[in-house]
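**Q** Next up is a structure, given as structure tokens.
The values are calculated or read from the model by the stated rules, or taken from the named source; none is laboratory data. Because the structure is predicted, anything quoted here is derived from the model rather than measured. Here Cβ is always computed from backbone atoms with ideal geometry, including for glycine, and neighbour counts include all displayed protein chains. Just so you know, the surface numbers come from the protein's heavy atoms only, side chains and all, with ligands and any DNA or RNA stripped out. Shrake-Rupley method; radii C 1.70, N 1.55, O 1.52, S 1.80 Å.
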2 protein chains.
Amino acid sequence: MTMLPNQKVYHGVLEEIRIFIESNNLNPGDKLPSERELSETLGTGRSSVREALRALELLGIIETRHGEGTFLSTYRPFQTVEILASFILSEKTTKESLISTKKLIEKEAAKLAYNKLEDRDIAVLNEIICDLDTSSSQKDMDFFNYLLMKTENVLLMKIWQLIAEFSQTFEKPRYDAHVYQDLIHLYLKKEYSAIEELFVNQASSK
Amino acid sequence: MTMLPNQKVYHGVLEEIRIFIESNNLNPGDKLPSERELSETLGTGRSSVREALRALELLGIIETRHGEGTFLSTYRPFQTVEILASFILSEKTTKESLISTKKLIEKEAAKLAYNKLEDRDIAVLNEIICDLDTSSSQKDMDFFNYLLMKTENVLLMKIWQLIAEFSQTFEKPRYDAHVYQDLIHLYLKKEYSAIEELFVNQASSK
DNA sequence: TTTTTCCAAGTGGTCTGACCACCTATAATC
DNA sequence: GATTATAGGTGGTCAGACCACTTGGAAAAA
């Protein structure tokens, strides 16, 4: 294993694994050599190999199954975001930050989704809102989750989900019931420019 | 250490460290307990502690100095980026998510800051842009960092900082030079409603 | 006294070997 | 042929041993 001076072993292992994946043209789901095999091949201790593997696992690049082995994971970008979020979304983050960031994302998601919503999608949104069996907070969750999904921005969705989940613990400041309906009407009437206004008015009326 | 069944030890350690940081109100630069101390306190092996620490290091949450100790670092996911980049960041959708989320936050920050900018702040922004000694990418970073700071939304700022650093490694899609000046003019002329337009046009002209 | 030198203790870095828990293919049994 | 038992491979974890590096304070030198 080629190693720069002062470089930690697990960094080298990281690089070797990358090369292995590349040169063997591995795809998601494929199996990596066992920890023991890797450590023997690379001439390093198993603990160093494990440090590298654990890091890759946390990054969502690999997946380990006890008793089976280590596998290249099906592409899950932004797994990292979760870990980072758990450190950022600590107590130091103010409620105001959380709420306003969440609303900001919801507003923008409503705008981003505008061009990607088909009649069918709007119908789904309507169903979510009209369903009598779900609580209003659940409706809200479902509604924006669907919108976020339609934005096709995975990162934005992830961030919203994390904030939504975290803020659920202390409060659920929702929009007035009519806002969802209003938004749907704007979609139907193709009035993009009014979306921003809808959300801004809602926020200030609180 | 409270542990869910089937949960790996290093996940528990991760959580414990997070709690430690939070409850001791640690700030970037502060020292964490030594590996040996952690393993003793948590009743786990040192190797498990190391697996957690290595992962956190790769995420840029902590920093280790040989012979000195482990320190809380300002979130600088440089390492992460390199690893992610070399493994998966080739995926187009990932990049697009990053870029569009970043731009979205910048646009909204420009709007949120509007009411909080005093003449002095606008002067500072102007200086940042006009400074001949800094590169254009550095200007961009400083400019929006200042704006984000003025929004007084710490969470949004942190999210932006993370994304900004992530994006820095693979590409630097900047705004045209005049956009910064234009924004400053809008601030001076108190034309809030034109801010959105400025960013949207910029984005589509790309 | 002040300065310099040096070393012991603490810390991360790594390796080894030992178990345990889990999965699976295969052989033995029914 | 279907079922069961088992052995071997794999990840999960721990304990202990060294090494390399840093630092602060003791000891030596000025």
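**Q** Answer yes or no: is there a residue in segment B:94-105 that is over 22 Å from A:Glu196 (Cα atoms) and touching a Lys or Arg at 6+ places or on another chain (Cβ under 9 Å).
**A** There is no residue in segment B:94-105 that is over 22 Å from A:Glu196 (Cα atoms) and touching a Lys or Arg at 6+ places or on another chain (Cβ under 9 Å).
**Q** Residue under question is A:Lys190, and the condition is that it be among the basic types (Lys, Arg), loosely packed, with under 13 Cβ neighbours inside 10 Å and at positive phi; does it hold?
**A** Here the answer is yes, as A:Lys190 does meet what is asked.
**Q** Right, something else. So if I check each of B:Glu15, B:Glu22, B:Glu37, B:Glu68, which one is away from DNA strand C (no atom under 13 Å from the Cβ), of a type in the set (Asp, Glu) and out of contact with any Asp or Glu (no Cβ under 8 Å at 6 or more places or on another chain)?
**A** Result of the check over B:Glu15, B:Glu22, B:Glu37, B:Glu68: B:Glu15.
**Q** Can you tell me how many residues within segment A:109-127 are open to solvent by less than 30 Å² (accessible area, probe 1.4 Å), assigned to a helix (DSSP H, G or I) and either among the aliphatic types (A, V, I, L, M) or touching a residue at least 40 places away in the same chain (Cβ under 8 Å) (or both)?
**A** Count: 6.
**Q** Then there is this: Looking only at segment A:22-39, count every residue that is over 27 Å from the mean Cα position of the chain (by Cα) and of a type in the set (Asp, Glu) and tell me the total.
**A** Residues meeting the conditions: 2.
**Q** Would you check if there is a residue in segment A:129-143 being buried (at least 16 other Cβ atoms within 10 Å of the Cβ), at pLDDT below 95, polar (S, T, N, Q) and not in a helix (DSSP H, G or I)?
**A** no
**Q** Something else: Any idea which of (1) at pLDDT 90 or above; (2) more than 8 Å from DNA strand D (Cβ to nearest atom) is the one A:Pro33 doesn't satisfy?
**A** (2)
**Q** Something else about it: Please indicate, with yes or no, whether at least one residue in segment A:58-80 is within 30 Å of B:Met149 (Cβ to Cβ), touching a residue at least 40 places away in the same chain (Cβ under 8 Å) and away from DNA strand D (no atom under 16 Å from the Cβ).
**A** Yes: segment A:58-80 contains one or more residues that are within 30 Å of B:Met149 (Cβ to Cβ), touching a residue at least 40 places away in the same chain (Cβ under 8 Å) and away from DNA strand D (no atom under 16 Å from the Cβ).
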